[in-house]
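Accompanying notes for the structure given below.
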Amino acid sequence: MASIVDKIVLNIPDRLLRYLRKIGSVADQKSVTAYTVGGFVRDLLLSNEDQLKSNELDLDIVIENHAIDVAKKVADDFKASINVHQQFGTAKVITKENFQIDFVTARRETYQTLGALPSVVFSSIREDLYRRDFSINAVAMSILPIDFGNLLDYTDGLRDLETALIRVLHDQSYRDDPTRIFRAIRYEKRYNFQICQTDQGLIQDVIDHSYLDHISGQRIRNEFNRIFSEDLAWKTLQRMEDFVLFSAIVPCWELPQDFSRTWQDAIQAIDWSKKHLPDDHIDQDAVLWMALLNEETTDAVSHRLAFEKRLQEKLDSRNRLMIDQTKLSSSSKPSQVYHLLNSYPLEVLIFSLWHNKHSWQKEKIEDYLLRLRNVQPKVTGDDLIQRGHKPSPEMAKTLWNSFARQLDELRD
């Protein structure tokens, strides 16, 4: 056990330090040991200020015995809400600032079948650390008042942090939970680490033996969503291709040859929408999926990863627009542009805006997004009804002709 009080406690943001001190005090009052573990300790040791100050950061607390009792007292003291799972010995405290603290009773886990979620037995902090995915996530820091900041490192996690290595804790780890492959690659690129040679062989073995087939589409999709949130997501995805991971998920799937450019197009499309369409909700993940899929792979990947209907429809629309936009010409009238594009989701249009070979097509799409789609008809259905028209296909045609003239008369 090594103390890091003098080295890193000062690096703990004040908000987190207040929570940790309080939790440690409550645990001490109840005569149980308490530790913070996982990503917080890892990023603290790496002096990763961006991660430590992230609004998405959560605290993971491990208590040896009765984690729920400690969590309830902490929630009362902070006037926070709490969700308890009695059978698992866990609780989630959510403060008024919407900060989440996960409490877990120290445990060990066993996997009954490949890819299944683990069975849980309450145990010691030592066994709890050995159930972790990687050594760099298996370092615990005491938060008791008497030894606040002391480290427990049974798995050589400190050494791997110093030498920038990603390493699992036993040879069956990737087989027990193949989603760890995605996390290993994600950490490798986020921290500029290296997956150790032994682990690379273990990963390839899991892929070669099709263990990913035992993982649900939703769990794999969740891993992709986590990758999308990474600053170096494109590097992570390219590294996945080194392991032929895409075709292990869906046989026909591989990164497009122009992936780097297409991904950059997607990022530029998202950035453009933030600047120019601030009041519109844009599903950024949908735009990023468009950079990973094409008309040959969309259906198979959508089925395997159990995409929600709305996402699948957007991806299908993107494939249709690739054909429909050929109907546009540089001389297309505003009404023709409106009529063609009005049925398409915004995500499809902003992606096509940037992923487009023809500057004039880009200009037409941009004009629709920034101007045409916001035009309100001067003549409405109610106006025509008041004039004696009855709802009918003829009335709809009259409305459209009126609106088309209005669009075409707009000044640039």
ask   = Which pairs, out of LYS333/LYS357; LYS96/LYS235; LYS327/LYS357; LYS275/LYS314; LYS327/LYS397; LYS314/LYS364, put more than 26 Å between their alpha-carbon atoms?
value = LYS96/LYS235
ask   = Where does each of 382-389, 236-243 land if you order them by average Cβ count within 10 Å, highest first?
value = 236-243, 382-389
Relative contact order of the stretch 259-374, defined on C-alpha pairs under 8 angstrom at six or more residues apart (%) = 34 percent
Contour excess over end-to-end distance, with Cα ends at THR380 and GLU409 and 0.36 nm allotted per residue = 8.7 nm
ask   = Taking only DSSP H segments of four or more residues, each worth -39500 (n - 2.57), what value at 222 nm results for the chain once the sum is divided by all its residues, to the nearest 500 deg cm²/dmol?
value = -15000 deg cm²/dmol
task = Quick one: go through the stretch 300-331 and flag any residue whose amide nitrogen is under 17 Å from the point 7 Å out along the Cα-to-Cβ line of PHE259.
result = 301-302
ask   = How far is it, in nm, from the label point at LEU277 to the one at GLN87 when both lie 7 Å from their Cα along the line to the Cβ?
value = 4.4 nm
remark   = Computed over the chain, the relative contact order (Cα-Cα under 8 Å, seq sep at least six) in percent reads 10 percent
request  = Name the residue farthest towards the positive end of the dipole of the chain from the options SER216, SER402, SER335, assuming +1 on Cβ of Lys and Arg, -1 on Cβ of Asp and Glu, about the Cα centre.
outcome  = SER402
request  = Give the label of the value calculated from the structure for Cα extents along the principal axes in Å, choosing from [x] 64, 49, 39; [y] 83, 50, 38; [z] 58, 45, 41.
outcome  = [y]
inquiry  = Taking R0 as 56 Å, what FRET efficiency do you get between ARG373 and ARG159 from their Cβ-Cβ distance, rounded to the nearest 0.05?
reply    = 0.45
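Taken together, the values in this text are just the output of simple stated rules run on the coordinates, not laboratory data. Not measured: the values here are computed from a predicted model. Every residue, glycine among them, receives a Cβ derived from its backbone with ideal geometry; neighbour counts consider all protein chains shown.
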